[in-house]
Structures are given as structure tokens and as C-alpha cells.
Amino acid sequence: MKYFKKLFIATLVIMAASGCKKLNLVPTNQFTDLDFWTTSINVNNALNNNYSLMYNDNLYFFNDDMSDNAYSSGNDPIATGSFNASTAKFIGDWKFYYSGINSCNLFLANVDQNKTLGTSVITSMKAEVRFIRAWHYFNLMKWWGDVPLITTVITPDQAKVIARSPRTTVLNFVTSELEACAAALPSKDQYAVADNGRITNGAALALEARVLLYEGNRMADVVTICEKLMNNPSTYGNYALAADYGSLFSNSNVNKNNTETMLALQYVEGAPGRTWSDDFDFAPISTGARVNSLAPTQELVNDYIMTNGKSITDPASGYDESNPYVNRDPRLTATIVYDKYKWLNPDGTTQIIYIKPGTDPVRPALNEYVPGNEAVSQSGYYWRKYFDPNHLPGFVSGLNLHLIRWAEVLLDYAEAENSLGQMNADVWNKTIMPLRQRAGFTDPNALNYPGNSDMTDIIRRERRVELAMEGLRTEDIRRWKLSETVLNGYAHGAQFSGDPTVDDGYIRVQLRHFDATKNYLWPIPQSELNLDKNLTQNSGY
């Protein structure tokens with residue numbers, strides 16, 4: 001007891017003595033705000049943190065269930081139109097984007113304290129972070145319109161009184177930032193192999209094209225940006241379509257090293273590492289999956305054309321409703337699992353996926369559609385795209401998730417040229433034709449320029465099937481103002497209902513509702529309105 005008493009008294013003496021010294025001395029055994037940014041490894045870690053906060057697999061995959069591409073089990077309130085300002089997704093997404101913005105602002109405010117990395121390295125890092133911040137703001141204005149534009153580090157008290165900036169102000173900020181990033185960043189060909197996956201000047205321009213495409217009235221600018229990318233490979237990177245469509249999403253070597261990816265969420269194969277496992281609830285149950293939480297719709301399946309280039313609704317297409325998956329766009333098989341699909345297992349064996357009720361010769365029938373049984377697909381379809389044949393138990397995967405592909409640039413260019421009345425055989429041959437050739441089309445009727453009779457529908461259909469399950473369909477139907485058409489009424493599944501008098505026997509999967517007077521913008525989260533007296537709500541909420 002005497003020892004501890006002496007130790008206590010000695011501690012008090014030391015504390016009293018230290019109280020007479022300056023209080024801003026920097027500890028020698030830990031980092032503080034005074035020296036964190038002067039250490040290069042900390043700067044690199046902070047940069048990597050901003051990359052990790054940019055997006056995630058949940059946002060990536062479950063964007064499609066808010067469109068006519070997919071159905072998510074659990075009665076998604078956004079798809080059914082039963083949401084309000086307290087819906088969890090709105091609260092979570094708002095916090096996600098602003099947390100990312102705050103992290104970017106902290107980086108930009110402090111990184112110049114570092115004097116060892118070199119000016120050119122710091123400049124490039126700042127451009128990468130400005131890109132990420134612009135990405136966040138594009139998503140915010142896309143969903144909410146007017147949003148607070150915060151470009152510096154602010155205090156909690158300041159956050160409680162900040163108002164929304166006009167959407168045009170946010171848009172101008174995003175585009176000017178992306179242009180500055182394109183001027184400051186290297187091309188993908190100028191990065192070292194070890195830096196594969198970092199943001200490039202080509203990615204900055206491609207994102208700007210996507211942003212302006214969303215506006216609808218900036219198509220001439222979209223054409224200009226796409227032509228910069230297409231005509232200047234020495235400046236912006238030598239991009240081209242990968243040889244095989246399916247391999248982009250399932251073959252690790254191609255997925256991570258190809259000429260097409262412009263930006264991707266980077267994951268690491270094996271554990272520990274950054275991985276995702278959503279396919280555990282997307283793939284057929286007999287392949288080892290758990291349940292089905294996201295299923296393709298019949299509406300998506302219907303948009304895959306025949307190999308002769310004709311829509312399935314064309315009487316001359318040769319489409320047979322009783323044998324619906326024959327002679328279809330090869331991307332259908334690369335993307336969606338349908339009844340009697342021949343599934344290639346990781347060990348090289350195959351299995352037939354029986355989905356139509358009562359057809360599987362093996363019992364229990366793991367994949368068959370059962371009305372109301374959310375453990376299996378309620379649309380009669382499963383996903384093949386992004387299946388990782390090298391997954392770990394629980395479908396844990398290290399495949400990258402593509403955020404921007406060269407294919408999107410070609411589709412942007414085709415759409416913008418068509419909207420300006422400038423679509424012709426030359427544009428077609430640079431855009432839609434190579435996409436179809438890569439997909440596996442060989443019939444000249446599918447590959448040759450068809451004229452402009454229904455070009456808008458052709459381009460929109462091409463975009464839908466090429467980019468299915470990549471999170472862009474919801475954006476597309478919103479900017480085309482199609483949401484009130486395609487999201488009002490039932491989302492359907494395969495022709496398994498057993499009642500031909502109701503929707504020709506196609507499963508009624510989910511009744512959806514979209515109010516065009518207000519639903520093109522989401523409600524500002526009520527929790528944010530409660531914290532910030534200067535925030536206002538979007539109309540109709």
C-alpha cells in the first residue's frame with residue numbers, strides 16, 4: 001500500500017510540473033493533427049480511404065431494383081412508391097455521400113502540409129479526391145436536386161444551418177471539377193502497373209459525359225467529350241472493348257486487366273481483403289447460393305433482341321413464346337439464368353437449372369419457382385452476371401465492380417448523336433455495331449446500320465442490355481422521363497403463373513407506383529431537416 005501511495009504522489013507531482021509547460025508540445029509516440037499529414041504513408045492511407053468511401057457493392061447492385069430491371073424481395077418501399085422522408089435508404093445514402101464529401105474536404109484542406117511526396121504527386125492526388133467529391137455530388141443532385149454544396153471543412157454548428165444550393169450551381173461545380181481533374185490527372189497508360197485502378201483523365205471525361213447526358217439538353221457537349229476520348233488515345237488512354245463480354249464480369253484475369261474498364265471498385269481476391277458476397281443471394285440455389293434477394297424481371301428479358309436484330313415483338317423476328325430463349329442476344333445468357341439454363345460449375349461440370357414449377361427431375365427442386373416463397377426467385381430468373389467461379393465459401397468474391405466502361409462511352413456517343421439528328425452509318429459502325437459484334441452477333445441484319453426509323457428505341461434497348469446489373473438503368477429511365485410509364489403497374493416474371501387470362505400467364509411479381517409529380521426527386525431525410533433549420537423539403541413530401 002505504501003508503494004502505491006508513493007506512486008500516486010509522484011504522479012501528481014509530475015502532472016503538476018507538466019502543467020507549467022507549454023500545452024502544444026507534439027507527442028513523440030503518436031500522430032496528431034500537427035504532424036499527421038507530413039507523413040507520406042498517412043497521406044496515402046487517407047487517399048485510399050477516400051477511394052473506399054466512394055461507393056460500395058450494395059449501392060451498385062441494388063440500384064437496379066428501383067428500375068424495371070429487377071425485383072428485390074422484402075417489399076422495397078421505393079419500388080412500390082410507399083416511401084417517405086423517414087425511409088432508411090434515403091437517410092443512409094445521404095449520410096454516405098456527405099461522409100465521403102467530408103473526408104474529401106479534410107484531405108484537400110490538409111494534404112499540402114506534406115513536403116516529401118513532391119508537387120506533381122500531391123497535385124495528382126488532389127485531382128483524384130476532387131473527382132471522388134464530384135462523384136458524390138453528382139449522385140446527390142441526381143436523387144435530391146438542390147443539395148448543400150460544401151467544399152471546405154465545416155464545424156458541426158455550421159452544418160446545422162447550411163442551406164441547399166441550387167441544382168444548377170451543383171451541376172456547374174461538378175462539371176468544372178471534372179474538367180480540372182481531366183487536365184491534372186494522367187492517363188491509364190501513364191500510370192505504373194502497381195497503380196492500376198486509380199482515377200485517370202479518361203475516367204474524368206467519361207463521368208462528365210454521363211453527368212451531361214443526364215441533363216438531356218447538353219448533347220452537343222456529350223458528343224465533344226466522347227470524341228475527345230475516341231480520337232485522342234495518346235492523351236486520354238487507349239481504350240477498346242474487351243474481346244468477350246461475359247469474361248469482363250466473371251473471369252478474374254480479364255475483369256482486373258482489360259482495355260475496357262475506365263473505373264472500377266477495386267476488390268482483393270481471397271481473405272483478408274476487400275471483398276463482396278452479394279451473389280450469395282443472386283445465383284441459383286442449387287449452385288450453393290443461400291436465398292434470392294434480387295431477381296431479373298421479364299421486362300428486362302424481353303428487351304434482348306433476336307440474333308437477326310429484330311425485337312421479339314416484331315412478327316418477322318422468329319420469336320417463339322413457347323421456346324423464348326432460343327436465338328436471342330448472347331448477352332442474355334451471359335447475364336440472366338432462365339429455365340433449363342446450362343450452368344457451368346467452377347469444376348468444369350454443368351447442371352441444368354430447372355425453374356419452371358414441376359420440371360426438375362431431382363427433388364427437392366431447389367430453383368423452381370414457388371409463389372410467395374422468397375427463398376427462391378419470385379420472377380423465375382436468377383443472375384449469372386458477376387458470378388465468380390473462384391469464389392470463397394459464402395460466394396465471397398474479389399472481382400472488381402465496373403463503374404465506367406468504354407462500352408458506356410460508345411453508348412453515350414450514339415445516344416447524343418442520335419438526339420442531335422446526326423446518327424448515321426458511320427456513327428453506328430463506331431458504336432452499336434462493335435458492341436453487337438463483341439456480344440457474338442454474326443447476322444448482317446443485326447450488325448448493319450438499320451436506318452433511323454426507330455433508332456431511339458434501338459439505342460435505349462442496347463444500353464439496357466449491355467449495362468444490365470451495373471446500376472445505370474434507374475438513372476436512364478429517370479432522365480428519359482420513362483419512370484411513370486415503366487414503374488406504374490406490375491413488374492413481371494416468367495410465364496409460370498398458370499393463369500393465361502391474367503397478363504398472358506406471366507408472373508405478377510410486384511405492383512409498383514411512381515408519382516411523376518414528385519418522385520423524380522427523393523424527399524430530404526426528415527432526420528436531416530430536424531438537425532438543420534435551413535434545409536427545405538422537396539415538393540410533394
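The values are calculated or read from the model by the stated rules, or taken from the named source; none is laboratory data. The structure displayed is predicted, hence computed values, not measured ones. Every residue, glycine as well, gets a Cβ built from its backbone with ideal geometry; the counts of neighbours run over all protein chains shown. The area values use the complete protein model at the heavy-atom level, side chains included, leaving out ligands, DNA and RNA. Shrake-Rupley method; radii C 1.70, N 1.55, O 1.52, S 1.80 Å.
Okay, here's what the table says:
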{"item": "The chain, accessible surface, carbon-and-sulfur percent (1.4 angstrom probe)", "result": "53 percent"}
{"item": "Part-to-part distance (alpha-carbon centres) for the stretch 361-400 and the stretch 264-331, which is given in Å", "result": "11 Å"}
{"item": "Stokes-Einstein D for the stretch 338-403, Kirkwood Rh over Cα pairs, 25 °C, 0.890 mPa s (µm²/s)", "result": "182 µm²/s"}
{"item": "Sorted largest first, extent of the stretch 43-82 alpha carbons per principal axis (Å)", "result": "44, 19, 13"}
{"item": "Over the stretch 432-541: Kirkwood hydrodynamic radius from C-alpha pairwise inverse distances, Å", "result": "17.8 Å"}
{"item": "Helix-only mean residue ellipticity at 222 nm for the chain, each DSSP H run of n ≥ 4 adding -39500 (n - 2.57), per residue, nearest 500", "result": "-12000 deg cm²/dmol"}
{"item": "Relative packing of 96-102, 159-165, 391-397, 410-416, which averages over residues the other C-beta atoms within 10 Å, highest first", "result": "410-416, 96-102, 391-397, 159-165"}
{"item": "Computed accessible area, TYR506, all protein chains, 1.4 angstrom probe, square angstrom", "result": "40 Å²"}
{"item": "Under the Debye formula (equal points on every Cα, no solvent term), log10 I(q)/I(0) of the stretch 22-173 at q = 0.12, 0.19 Å⁻¹", "result": "-0.65, -1.22"}
{"item": "Sorted peptide list for 198-209, 329-340, criterion being average Cβ within 10 angstrom, highest first", "result": "198-209, 329-340"}
{"item": "For the stretch 146-186: span of alpha carbons on each principal axis (Å, largest first)", "result": "38, 21, 7"}
{"item": "Average accessible surface area per residue within the chain, 1.4 Å rolling probe, Å²", "result": "44 Å²"}
{"item": "Kirkwood-type radius of the stretch 86-238, with distances r between different C-alpha atoms, in Å", "result": "16.7 Å"}
{"item": "Largest-first ellipsoid semi-axes for the chain, taking √(5λ) over the Cα gyration tensor eigenvalues, angstrom", "result": "45, 29, 25"}
{"item": "Sorted peptide list for 463-473, 301-311, criterion being average Cβ within 10 angstrom, highest first", "result": "463-473, 301-311"}
